Amino acid sequence: MKSTVEQLSPTRVKLSVEVPFEELEPDFARAYQSLAQQVRIPGFRPGKAPAKLIEARVGRDTVLAQVVNDALPAKYSAAVEETETKAIGQPEIDVADLEYGQPVNFTAEVDVRPEFDLPEYTALSVEVEPVKSDDDAVDEQLKALQQRFGTLVGVDRAVQDGDFVSIDMAATVDGQPVEEATTSGLSHEVGSGQLIDGLDEALIGLKTGEEKQFETKLVAGEHSGEDATVTVTVNSVKERELPAADDDFAQMASEFDTIDELKADLAERVARSGRMQQAGEVRDAVLAKLIESVDIPLPEKVVDAEVEAQLEPIFHSLGHDDEQIAKLFEAQDTTREEFEKKARETAEESITRQLLLDAIADQQETEVSQDELTQQILFQAQQYGMAPQEFINRLQQAGQVGAVYADVRRGKALASVVNKVAVKDTAGTVVDTDEFFGEPANEEDAAE
């Protein structure tokens, strides 16, 4: 097989491929075997008819067309590999006139990863916000821990924010009772906002046995979205009584012997959380600086495909009904043109990031281990609330395992250059990025 490449633009090439006829012999064998199962020829069992009889029945040109059609994906992939073409997106293939016994010629136009110069990382610098010492966050952590070990005690007073109440509720729409919005003995934390709008405000100030009416919109059931009058009655009021923050509590709620040790541990956790947040800001700032420092031509058809991938699920859900689509945009105070423009900007930003990080990964020779890929898949499965094997099966069925691999590789590539960029906070202090972007000291740190 012979393959040549013609550069059509910085982001598109044309492959010209010539496949000798004899290279198609294995493909012909498979085609005849398949046709033998489909074509019924008197005197022969299914699958046993000779190739010449099958060819006479369906026609030599039909067999040749099927052979070429079946062989094209593999021949195209071989041409891409042979010419070291960095193809992205789907090719547009054009097959020349076919003649039995003669070489098969076809061309394939496809978008490719553009060539561009990466910056000198040590010449770049970024600035992020400093990590703040947050005593309030430590107090919040301690209070949250106390609440886990708190007890609910009844109180003889009006309802306050944060109380736990038992309530009865009944709703009417246009004076008619709404059965599905009627309940009794419902437990609710005042201020949580977990039920209907207006409930928490109505409860505050009521005492046990008192009731109050308020107006709201129902959020579920047959009358969802309709205005309703709701009557709420308080059956009981309880408040959470917190244990004292002392050494006894520290021993009960943690592995520490004293409250000072517990507070010190909480302070370290808060500080680490702050450093992690700053690390995320560093990563984003470095990525933004890298993008700013390069000029990447974008493959137009890849961008078009990404835009389509964003818009099609939305339009499909509306049955491609222009009237419904117009109502959607009106509700969002935008137009179709503005919406599609935003989708294109998002697509261009996404593809720019991918091309940049892929180029860095190639430059840094970034590799992804099986364990790293597995860890990422397990993490995503947990995010989606799915069993790991079920999630893996879904990825394989959708052909998305390669996409997960690419994402992990891009993340590692970015991390590999962060330490080469000068990072300071807005106070002028140099930020040490080793904790989150340095080389792991051991396998346990790498897994984390």
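The values are calculated or read from the model by the stated rules, or taken from the named source; none is laboratory data. Predicted, not measured: the structure shown is a model, and the values here were computed from it. A quick note on method: Cβ atoms are made from the backbone with ideal geometry, for glycine too, and the neighbour counts reach across all protein chains shown.
Annotations for the structure displayed:
- All of V286, V234, V190 fail the test of being in contact (Cβ under 8 Å) with a residue 24 or more places away in the chain and in the same structural domain as I360 (by TED's automatic domain parsing), apart from V286.
- Annotation note: of D163, D197, the sole residue that is touching a Lys or Arg at 6+ places or on another chain (Cβ under 9 Å) and under 23 Å from E140 (Cβ atoms) is D163.
- Spans of helices (runs of 4 or more DSSP H) in region 317-396 with at least 1 residues within 19 Å of the chain's Cα centre (by Cα): 336-364, 370-383
- Complete set of residues in region 59-77 that are among the polar types (S, T, N, Q) and free of Cβ contacts under 8 Å to residues at least 24 places away in the same chain: T62, N69, S77
- Taken over region 138-193, residues that are aromatic (F, W, Y) and farther than 30 Å from R269 by Cβ amount to 0.
- Restricting attention to region 230-269, the residues that are more than 18 Å from A144 (Cα to Cα) and either within 41 Å of the chain's Cα centre (by Cα) or of a type in the set (G, A, S) (or both) total 2.
- Scope region 403-432; condition farther than 18 Å from L356 by Cβ, of a type outside the set (A, V, I, L, M) and touching a residue at least 60 places away in the same chain (Cβ under 8 Å); matching residues: K424, D425, T426, T429
- Scanning region 33-49 for residues that are outside any loop (DSSP other than H, G, I, E, B) and either at pLDDT below 70 or over 19 Å from K75 (Cβ atoms) (or both) yields Q33, L35, A36, Q37, Q38.
- Residues in region 289-305 that are surrounded by fewer than 15 Cβ atoms within 10 Å (Cβ to Cβ) and without any contact (Cβ under 8 Å) to a residue 60 or more places away in the chain: E292, D304.
- Residue satisfying condition, being of a type outside the set (F, W, Y), surrounded by 12 or more Cβ atoms within 10 Å (Cβ to Cβ) and either within 30 Å of D295 (Cβ to Cβ) or modelled with pLDDT under 75 (or both), within set A87, A71, A96: A87
- Per-region count, region 341-379, residues more than 28 Å from Y121 (Cβ to Cβ) and surrounded by 15 or more Cβ atoms within 10 Å (Cβ to Cβ): 3
- Note on region 396-447: among residues that are loosely packed, with under 12 Cβ neighbours inside 10 Å and under 24 Å from L118 (Cα atoms), the one that is modelled with the highest pLDDT is A403.
- Qualifying positions in region 306-318 - polar (S, T, N, Q) and either touching a Lys or Arg at 6+ places or on another chain (Cβ under 7 Å) or surrounded by 13 or more Cβ atoms within 10 Å (Cβ to Cβ) (or both): Q310
- Selection from region 199-235 of residues that are over 19 Å from G175 (Cα atoms) and out of contact with any His (no Cβ under 9 Å at 6 or more places or on another chain): E201, A202, I204, G205, L206, K207, T208, G209, E210, V234, N235
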